[in-house]
Amino acid sequence: MSLKFELCPGRMIGGSHPCFIIAEIGQNHQGDIEIAKQMIKMAKDCGADCAKFQKSELEHKFNKKAMERKYDSKHSWGKTYGEHKRHLEFSHDQYKELQRYAEEVGIYFTASGMDEMAVEFLHELNVPFFKVGSGDTNNFPYLEKTAKKGRPMIVSSGMQSMETMRQVYKTVKKYNPNFAILQCTSAYPLEAEDVNLRVITEYQKEFPDIPIGYSGHESGVYISIAAVALGAKVLERHVTLDKTWKGSDHEASLEPAELKELVRSVRLVERAMGSSLKQMLPCEKPCHDKLGKSVVANASIPKGTILTLDMLTVKVAEPMGVRAEDIYELIGKKVTEDVEEDQSVTPELVDEYGKKAKC
């Protein structure tokens, strides 16, 4: 059984608790705070548990040459990568405004801290949990400092090996027991053959005392639904209002109708997972009463006869007799009355068996 812990106030994850669904807005807001608010509202309306952004303190995330690099992509918001990123980066005050709006709407709010200073700001912002993006998963000084803050953590594992993830687990666990690891492949959009959902079950074996989840970048919702069926306790998907917008993440994101369908399908799958106990259920009784088979006489059987298998057969019978699966228990037992051909063999017609049934 995976460990359960409170990820957000009043919201447990792991164990039998519902999958925690994160709508990853990231930087799909085009640098427009009003669009960001629309996306928070959309995430809430579609049934997601959390609206998540990405926060960077750019001078701490990139060196000068990276910021000065020319950026000629069709997705660029500036001539250099630095100009592009500045256009998409909200200020501290804007983050506070978005957090207030999320509280008004009634959805959990957080962000990936994309560098150590961003984590410091998010800690001051009092987000319910920290999300570690794949790019920082092997950044062990960052992991240690983040874990020591004491907030729950969710760690993506794109671009990493299992050996690295073992080290990640040990590093975080030393300081913070309340974290989850997500299977992730860092490609946008992600092709099905590169998803590797089986890693979820490997993580469950490797790290049995923490919840395991899935962060997907594929098109559509089916693979993510399968991840939940495999036991993912956290599900993160990028979202957008329009896949045709400028930005490299939009193509791998879900539009509102898709997000709504994903949430609906995940909750349906969770209901369908049900219990591991196999038994006849109350909902099956009408079918069993109408078509369930039981033992009948294959020929006339005089009173006092010792039953043999050739005297018995199995049919849909009225009234219902001894259960079909118990036919072998009748062999060698004596009938207490005459039994006609094709008559139901009920427990009271069989010595010893009838006494057993009454007990």
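The values are calculated or read from the model by the stated rules, or taken from the named source; none is laboratory data. Predicted model only: the values in this text are computed from it and were never measured. We place every Cβ from the backbone using ideal geometry, glycine too, and count neighbours over all the protein chains shown. Please note that ligands, DNA and RNA were not included when accessible areas were found on the heavy atoms of the full protein model with its side chains. Shrake-Rupley method; radii C 1.70, N 1.55, O 1.52, S 1.80 Å.
Any residue in region 293-312 that's within 19 Å of ARG323 (Cβ to Cβ): show its pairings with residues that are surrounded by fewer than 12 Cβ atoms within 10 Å (Cβ to Cβ) and small (Gly, Ala, Ser) at Cβ separation under 7 Å, as long as the two are six or more apart or on different chains.
The qualifying pairs are LEU307/GLY332.
Looking at region 152-160, is at least one residue assigned to a helix (DSSP H, G or I) and open to solvent by 40 Å² or more (accessible area, probe 1.4 Å)?
The answer is no; no qualifying residue exists.
Select from region 338-350 the residues that are part of a loop (DSSP other than H, G, I, E, B) and exposed (fewer than 15 other Cβ atoms within 10 Å of the Cβ) and list them in ascending order.
ASP338, GLU340, GLU341, ASP342
Here is a yes/no grid of residues against (1) open to solvent by 30 Å² or more (accessible area, probe 1.4 Å); (2) farther than 14 Å from GLU103 by Cα:
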position: LYS4; (1), (2): yes, yes
position: LEU7; (1), (2): no, yes
position: ILE13; (1), (2): no, yes
position: PHE20; (1), (2): no, yes
position: GLU24; (1), (2): no, yes
position: GLU34; (1), (2): yes, yes
position: LYS37; (1), (2): yes, no
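Filtering region 225-248 down to residues that are touching a residue at least 12 places away in the same chain (Cβ under 8 Å) and of a type in the set (Ser, Thr, Tyr), which residue is most open to solvent (accessible area, probe 1.4 Å)?
SER248
Looking only at region 135-151, count every residue that is open to solvent by less than 20 Å² (accessible area, probe 1.4 Å) and not in a helix (DSSP H, G or I) and tell me the total.
1
Of LYS205, LYS173, which residue is of a type outside the set (A, V, I, L, M, F, W, C), surrounded by fewer than 17 Cβ atoms within 10 Å (Cβ to Cβ) and within 25 Å of THR110 (Cα to Cα)? Before you say what the answer is, go through the steps one by one.
Working: LYS205 fails: within 25 Å of THR110 (Cα to Cα).
Going through LYS205, LYS173 in turn, just one is of a type outside the set (A, V, I, L, M, F, W, C), surrounded by fewer than 17 Cβ atoms within 10 Å (Cβ to Cβ) and within 25 Å of THR110 (Cα to Cα): LYS173.
Determine the pairs where a residue that is in contact (Cβ under 8 Å) with a residue 60 or more places away in the chain and over 16 Å from SER56 (Cα atoms), located within region 23-37, has a partner that is of a type in the set (Gly, Ala, Ser) and buried (at least 21 other Cβ atoms within 10 Å of the Cβ) with Cβ atoms under 8 Å apart, the partner being 6 or more residues away or on another chain.
ALA23/ALA43; ALA23/ALA48; ALA23/ALA51
Might you check whether a residue that is in contact with a Ser or Thr (Cβ under 8 Å, 6 or more places away or on another chain), in contact (Cβ under 8 Å) with a residue 12 or more places away in the chain and open to solvent by 50 Å² or more (accessible area, probe 1.4 Å) occurs anywhere in region 249-259?
The answer is yes, given that some residue of region 249-259 is in contact with a Ser or Thr (Cβ under 8 Å, 6 or more places away or on another chain), in contact (Cβ under 8 Å) with a residue 12 or more places away in the chain and open to solvent by 50 Å² or more (accessible area, probe 1.4 Å).
For region 109-134, what are the residues that are more than 26 Å from MET42 (Cβ to Cβ) and either of a type in the set (Gly, Ala, Ser) or assigned to a helix (DSSP H, G or I) (or both)?
Scanning region 109-134 gives GLU116, MET117, VAL119, GLU120, HIS123, GLU124.
Output the helices (runs of 4 or more DSSP H) that fall wholly within region 218-337 and possess 2 or more residues being over 22 Å from SER156 (Cβ atoms), or say none.
It comes to 256-273, 285-291.
Kindly indicate whether SER300 is at pLDDT 95 or above and open to solvent by less than 50 Å² (accessible area, probe 1.4 Å).
When the stated conditions are applied, SER300 does not pass them.
Does any residue of region 77-86 turn out to be out of contact with any Cys (no Cβ under 7 Å at 6 or more places or on another chain), in contact (Cβ under 8 Å) with a residue 60 or more places away in the chain, open to solvent by 20 Å² or more (accessible area, probe 1.4 Å) and closer than 19 Å to THR240 by Cβ? Spell out how you get there, then give the answer.
Narrowing region 77-86 to residues out of contact with any Cys (no Cβ under 7 Å at 6 or more places or on another chain): 77-86.
If we keep only those that are in contact (Cβ under 8 Å) with a residue 60 or more places away in the chain as well, we get 77.
Pick out the ones that are also open to solvent by 20 Å² or more (accessible area, probe 1.4 Å) and you get 77.
Restricting the remaining residues to those that are closer than 19 Å to THR240 by Cβ gives 77.
Within region 77-86, one or more residues are out of contact with any Cys (no Cβ under 7 Å at 6 or more places or on another chain), in contact (Cβ under 8 Å) with a residue 60 or more places away in the chain, open to solvent by 20 Å² or more (accessible area, probe 1.4 Å) and closer than 19 Å to THR240 by Cβ.
Pairs under 7 Å by beta carbon, first residue within 17 Å of LEU230 (Cβ to Cβ) in region 182-201, partner aromatic (Phe, Trp, Tyr), six or more apart or different chains?
LEU182/TYR214; GLN183/TYR203; GLN183/TYR214; ILE200/TYR214
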